[in-house]
Amino acid sequence: MKEAEIPGHFDGRGRVEFSLSGLEAGQSDTITAIGFEFGYDLAATEVRSRSTMRLVFVRNDSPTARQRASQTHDRLRAGGPLLMAWAIQAPGAGQAAPQTTLTAVEVASKRRGLAAYESNGIRGLVGLVAVLSVGCLVLAWALRHGPVAAVVLAVLIAVALAVLAALVPSLTRRWYEKNRRLVDLYDQQRAGRVGPPPPPPGPTPGSPPGHFGQGG
């Protein structure tokens, strides 16, 4: 599907579906980003096979979403871009934190990951890693009379998987909180509720090139 054809599907109808196959599956984040600009939320992602997936969008009739869709139409009529990028300052890192540029497609990818976490959690992933760890221990026991190197390798893999299973919840939670703040900040800037972060300070007069004035 050509990217120019995607906006035409978000024409105000209540429900929009995309069936993607093969390389088209790589457009899922772009489609999600465009749908968001036109006031649609991704309601479901169905993976039908290794090469086929279906995206289901529903129109969001909240005032915020309708205003966002109106702004998108106005921007396009004025010759502006469909998808925008914003300079985001890492949340909680202070004014000295470097800025990072987030594109609408990157935010769409984060938004989909957040939705999956909120819907499914990580119990399945933790359970799978734990089962693999136990399986490696069972394999080590079965090989106890075989080569020592194979037994040691199976035990080491089992221990590594057990540690990973213990760390996954906290690591995933930190990932979720960081990306949730980034998406919320992007949405605030997108809605015009906050301005972009200030630019880094420039060099003071008389300072050598590449150095900032330190005072005193």
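Among the residues of segment 121-129, is any modelled with pLDDT of 85 or more, in a helix (DSSP H, G or I) and not hydroxyl-bearing (Ser, Thr, Tyr)? No, because not a single residue in segment 121-129 is modelled with pLDDT of 85 or more, in a helix (DSSP H, G or I) and not hydroxyl-bearing (Ser, Thr, Tyr). If you go through segment 25-40 and keep only what is closer than 13 Å to residue 84 by Cα and among the polar types (S, T, N, Q), you end up with just 30.
Sub-8 Å Cβ pairs linking a first residue in segment 129-156 that is on the phi < 0 side of the Ramachandran plot to a second residue that is open to solvent by 90 Å² or more (accessible area, probe 1.4 Å) and part of a loop (DSSP other than H, G, I, E, B), at least 6 apart or interchain, are 151/144, ordered by first then second residue. The one condition from (1) open to solvent by 50 Å² or more (accessible area, probe 1.4 Å); (2) under 18 Å from the mean Cα position of the chain (by Cα) that residue 172 does not meet is (1). The strands (runs of 3 or more DSSP E) located wholly in segment 1-82 that include 3 or more residues which are open to solvent by 60 Å² or more (accessible area, probe 1.4 Å) occupy 15-21, 40-49.
Of note, residue 105 does not satisfy the criterion of being more than 23 Å from the chain's Cα centre (by Cα) and modelled with pLDDT of 80 or more.
Note on segment 132-169: among residues that are of a type outside the set (A, V, I, L, M) and crowded, with 16+ Cβ neighbours inside 10 Å, the one that is farthest from residue 116 (Cα to Cα) is 136.
The values are calculated or read from the model by the stated rules, or taken from the named source; none is laboratory data. Just so it is clear, the model here is predicted, and its values are computed rather than measured. Cβ sites come from the backbone with ideal geometry, for glycine too, and all protein chains shown count toward neighbours. SASA here: full protein model, heavy atoms, side chains in, ligands and nucleic acids out. Shrake-Rupley method; radii C 1.70, N 1.55, O 1.52, S 1.80 Å.
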